[in-house]
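Written out below as structure tokens is the structure these notes cover.
The values are calculated or read from the model by the stated rules, or taken from the named source; none is laboratory data. Given the structure is predicted, the values throughout are model-derived calculations rather than measurements. When we count neighbours, we look across all protein chains shown, and the Cβ atoms used for this are built from the backbone with ideal geometry, even at glycine. All accessible areas refer to the heavy atoms of the entire protein, side chains included, with ligands and DNA or RNA removed. Shrake-Rupley method; radii C 1.70, N 1.55, O 1.52, S 1.80 Å.
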Amino acid sequence: MTLDRLRVHYGFTRAPFGRDLAPQMLHRHRGHAEAVARITYLVQERAIGVVTGEVGAGKTVAARAAVAALDPSRHTTIYQANPAVGARGLYAAIVTALGAVPRFHKAALIPQATEALAAEETERGKRIVLVLDEAHLLGHDQLEELRLLTNFEMDSASPFALVLLGQPTLRRRLRLGSFAALSQRIALRYQLDGMTLEETSGYLRHHLTLAGRSDPLFSDDAVALIHQQARGLPRAVNNLAIQSLVAAFLDSKAIVDDSSARAAVTETTSD
């Protein structure tokens with residue numbers, strides 16, 4: 001089966017449930033909208049915030065939507081998705097993103113990063129937004145380096161807004177006494193939970209409309225099963241919805257019913 005045949009069968013104008021959506025095309029369910037609003041607040045206040053959620057809850061998508069709404073002439077966004085770079089890699093990423101060549105020795109790299117952060121605002125008039133994804137994997141040294149980076153003008157201001165995105169274990173780690181100094185600086189904590197059944201139904205309709213189908217394509221039973229199995233997590237909903245469409249197509253059905261959704265659940269959960 002090819003994607004073209006699936007499109008023809010359902011009359012899609014584009015592949016549904018894809019990841020390549022422009023920020024303005026995203027489905028703004030309650031949790032997503034709240035996460036975007038809180039990240040926007042962090043940027044305005046140059047504060048530190050933590051957004052946590054299960055795998056596939058939409059943390060990165062919310063951050064992308066918030067950043068996309070910022071004025072690029074007044075903001076510089078630095079996005080780091082790989083915590084494995086270590087503490088030095090973090091400094092190097094900042095320096096590189098701000099247009100300089102990182103110095104080799106860490107002792108020289110740290111002041112270079114600090115000076116680059118300060119210059120971006122004082123000389124270019126741009127507010128920096130540092131987004132660190134998979135932050136639950138950050139090492140103790142990296143978290144401590146972040147705390148030290150936020151020390152500015154004798155701790156009277158922060159040179160950038162910091163958004164930490166991670167799984168729920170990040171919240172628990174930051175409660176440990178060893179991270180008390182950083183935890184006290186965190187202005188906002190938000191847990192992005194899964195969608196409700198009503199939101200999942202709206203999410204499915206939204207993506208199908210983007211693909212060219214405004215009429216009901218999933219039965220109520222199918223929607224309920226997809227929501228239950230995916231626990232309302234957008235990425236899991238996407239996967240099950242696509243598999244359900246394939247199952248219905250293979251059975252020559254015009255809509256996705258309960259049996260098609262069950263076949264999708266079996267397919268995605270089998271070894």
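So for the range 43-50 (the condition being open to solvent by 40 Å² or more (accessible area, probe 1.4 Å), in contact with a Lys or Arg (Cβ under 6 Å, 6 or more places away or on another chain) and over 30 Å from Asn238 (Cβ atoms)), does at least one residue qualify?
No, the range 43-50 contains no residue that is open to solvent by 40 Å² or more (accessible area, probe 1.4 Å), in contact with a Lys or Arg (Cβ under 6 Å, 6 or more places away or on another chain) and over 30 Å from Asn238 (Cβ atoms).
Pick out the one residue from Ala263, Ala254 that is of a type outside the set (D, E, K, R) and in a loop (DSSP other than H, G, I, E, B).
Answer to the selection: Ala254.
Among residues belonging to the range 1-18 that are outside any loop (DSSP other than H, G, I, E, B) and open to solvent by 50 Å² or more (accessible area, probe 1.4 Å), point out the one that is nearest to Leu130 (Cα to Cα).
Per the stated criteria, the residue is Leu3.
Looking only at the range 84-126, which residues are within 22 Å of the chain's Cα centre (by Cα) and surrounded by fewer than 19 Cβ atoms within 10 Å (Cβ to Cβ)?
Of everything in the range 84-126, those that are within 22 Å of the chain's Cα centre (by Cα) and surrounded by fewer than 19 Cβ atoms within 10 Å (Cβ to Cβ) turn out to be Ala84, Val85, Gly86, Gly89, Ala97.
Which pairs turn up if I take residues in the range 203-222 that are open to solvent by less than 80 Å² (accessible area, probe 1.4 Å) and look for partners that are in a loop (DSSP other than H, G, I, E, B) and among the β-branched types (Val, Ile, Thr) with beta carbon separation below 9 Å, at least 6 apart in sequence or on another chain?
Taking only residues 6 or more apart or on different chains, the pairs are Leu210/Thr13; Ala211/Thr13; Gly212/Thr13; Arg213/Thr13; Leu217/Ile255; Phe218/Ile255; Ser219/Ile255; Ala222/Ile255.
Starting from the range 259-270, take each residue that is among the aliphatic types (A, V, I, L, M) and list its partners that are open to solvent by 70 Å² or more (accessible area, probe 1.4 Å), counting only C-beta distances under 8 angstrom and pairs at least six apart or across chains.
Pairs that qualify, where the first residue is among the aliphatic types (A, V, I, L, M) and the partner is open to solvent by 70 Å² or more (accessible area, probe 1.4 Å), are Ala261/Asp221; Val265/Gln229.
Could you count how many residues in the range 237-257 are under 11 Å from Ala222 (Cα atoms) and surrounded by fewer than 16 Cβ atoms within 10 Å (Cβ to Cβ)?
1
In the range 86-178, which helices (runs of 4 or more DSSP H) lie fully inside it and hold 3 or more residues that are among the basic types (Lys, Arg) and closer than 24 Å to Val61 by Cα?
Correct list: 169-174.
Based on this model, can you work out whether Arg124 counts as closer than 30 Å to Gln112 by Cβ, touching a helix residue (DSSP H, G or I) at 6+ places or on another chain (Cβ under 8 Å) and modelled with pLDDT under 90?
When the stated conditions are applied, Arg124 does not pass them.
Within the range 190-201, does at least one residue satisfy the condition of being closer than 22 Å to Val8 by Cβ and open to solvent by 50 Å² or more (accessible area, probe 1.4 Å)?
So far as the range 190-201 goes, no, none of its residues is closer than 22 Å to Val8 by Cβ and open to solvent by 50 Å² or more (accessible area, probe 1.4 Å).
Please go through the range 19-42 and pick out each residue that is part of a loop (DSSP other than H, G, I, E, B) and either in contact with a helix residue (DSSP H, G or I) (Cβ under 6 Å, 6 or more places away or on another chain) or surrounded by 13 or more Cβ atoms within 10 Å (Cβ to Cβ) (or both).
From the range 19-42, those part of a loop (DSSP other than H, G, I, E, B) are 19-22, 26-29; that's our starting set.
Leu21, Leu26, His27, Arg28, His29, listed by residue number.
Pick out the one residue from Val85, Val50, Val101 that is free of Cβ contacts under 8 Å to residues at least 40 places away in the same chain and within 21 Å of Glu144 (Cα to Cα).
Val85
Looking for something among the hydrophobic types (A, V, I, L, M, F, W, C), farther than 29 Å from Ala37 by Cβ and not in a helix (DSSP H, G or I) - is there at least one such residue anywhere in the range 198-219?
Scanning the range 198-219 turns up at least one residue that is among the hydrophobic types (A, V, I, L, M, F, W, C), farther than 29 Å from Ala37 by Cβ and not in a helix (DSSP H, G or I).
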